[in-house]
Amino acid sequence: MNMTRSSILAVAAGVFGGLLLLAATKASLFGTLFGLLFSPLPLLMTGLALGTSYLPLAVVGGTLAVAIMSGSIALGFVYLVVDAAPAAVITKLALTNGIGPHAKGGWSGSGPIPAWLAIAAVVLMGAGLATMPAANGLESTIRSRLEEILQGTGTLVDSSQRDQLMQSMAAMLPGAAMWNWSGRALISAVLAQWAVTRLNHNMRPAPSYRCMELPGWYMVGFWLAAIAAWVLPGDTGYMATNMAVALSLPVLLQGLAVIHTGTSRFESGGLWLALFYILFLLTFGLSFLVVVSLGVMDHLLRIRRRIDPQSWENE
């Protein structure tokens with residue numbers, strides 16, 4: 001593929017991604033769901049198929065498309081933060097040799113990518129909270145802003161339920177937002193790698209997702225954040241709580257890798273896996289804690305190596 005054609009494809013991909021993000025701001029249910037989930041996909045396909053040198057062209061195309069089509073420079077900046085930034089982190093790590101265990105042919109393994117993306121999310125969250133004027137405390141300020149935004153829902157729920165809802169949302173909103181920031185980019189990255197591989201334009205082989213292993217330093221950081229959230233009061237404890245929430249996504253993924261490894265040992269593994277995900281969604285709060293705990297236990301006890309040592313050695 002020549003340079004001119006690659007440049008045109010990169011810009012076009014960026015424009016398409018920008019249009020997807022704009023679709024998420026419209027009233028259409030399909031546009032909102034599809035745009036929110038997959039607007040980083042064109043950027044990631046560009047990076048994983050053409051390399052990091054073409055990603056800036058895609059980012060410029062997407063930013064201009066969003067700013068021009070919406071008439072808002074601010075929305076163009078939003079595109080840079082929510083789509084371009086995670087795509088750049090993932091592409092850089094994915095195309096770097098020798099990062100993390102279980103690399104294929106010297107390529108980085110799947111563990112460091114979500115780990116560093118979550119670190120980037122924490123830095124972004126910290127910058128946002130540090131610049132937020134919060135004379136009455138961060139949580140109180142966020143709750144007040146939520147109440148302003150959602151004040152029209154007063155007719156849908158009674159005051160006690162509404163207060164409880166506001167309190168629950170405000171407690172972990174920054175961390176949940178960063179969890180979403182990382183999660184949607186990782187979903188798009190997996191789909192992008194699959195797509196460019198099917199098109200025979202992949203620059204690297206797909207990593208082994210089932211053998212993803214988070215670095216030891218990351219698990220230490222997650223535990224420190226969780227302990228700080230438990231013991232620290234005030235704004236410091238609030239930031240630690242949300243840091244732990246943002247950092248929990250990669251640990252959840254490692255726990256899910258344990259589930260996938262375990263179900264693969266059964267003949268009807270696909271059925272068991274489907275049943276698990278149905279149960280996971282129906283009991284999300286409890287299931288989330290269980291699977292995150294499973295990810296921590298796997299790091300300490302090497303559960304997957306015990307379940308399927310042969311497959312692990314082949315990776």
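The values are calculated or read from the model by the stated rules, or taken from the named source; none is laboratory data. The model shown is predicted, which means the values in this text are computed figures rather than measured ones. Neighbour counts run over all protein chains shown; Cβ positions are idealised from the backbone, glycine included.
Here are some conditions: (1) in contact with a helix residue (DSSP H, G or I) (Cβ under 7 Å, 6 or more places away or on another chain); (2) under 30 Å from Ile142 (Cα atoms); (3) among the hydrophobic types (A, V, I, L, M, F, W, C). Leu273 meets all but one. Which one does it not meet?
(2)
For the stretch 200-218, state whether one or more residues are more than 17 Å from Ile90 (Cβ to Cβ), modelled with pLDDT of 90 or more and either of a type in the set (Ser, Thr, Tyr) or in a helix (DSSP H, G or I) (or both).
Yes, the conditions are met somewhere in the stretch 200-218.
If I go through the stretch 274-313 residue by residue, how many of them are at pLDDT below 90 and farther than 25 Å from Tyr218 by Cα?
Counting residues in the stretch 274-313 that are at pLDDT below 90 and farther than 25 Å from Tyr218 by Cα gives 1.
When residues of the stretch 183-222 are filtered for being free of Cβ contacts under 8 Å to residues at least 24 places away in the same chain and not aliphatic (A, V, I, L, M), how many remain?
Residues that pass the stated criteria total 5.
Just checking: which of the helices (runs of 4 or more DSSP H) contained wholly in the stretch 56-151 hold 2 or more residues that are more than 23 Å from the chain's Cα centre (by Cα), surrounded by 15 or more Cβ atoms within 10 Å (Cβ to Cβ) and at pLDDT 80 or above?
Of the helices (runs of 4 or more DSSP H) lying wholly inside the stretch 56-151, those with at least 2 residues that are more than 23 Å from the chain's Cα centre (by Cα), surrounded by 15 or more Cβ atoms within 10 Å (Cβ to Cβ) and at pLDDT 80 or above span 138-149.
Only one of Leu36, Leu50 is of a type outside the set (Val, Ile, Thr), closer than 23 Å to Lys92 by Cα and under 17 Å from the mean Cα position of the chain (by Cα); which?
Leu36
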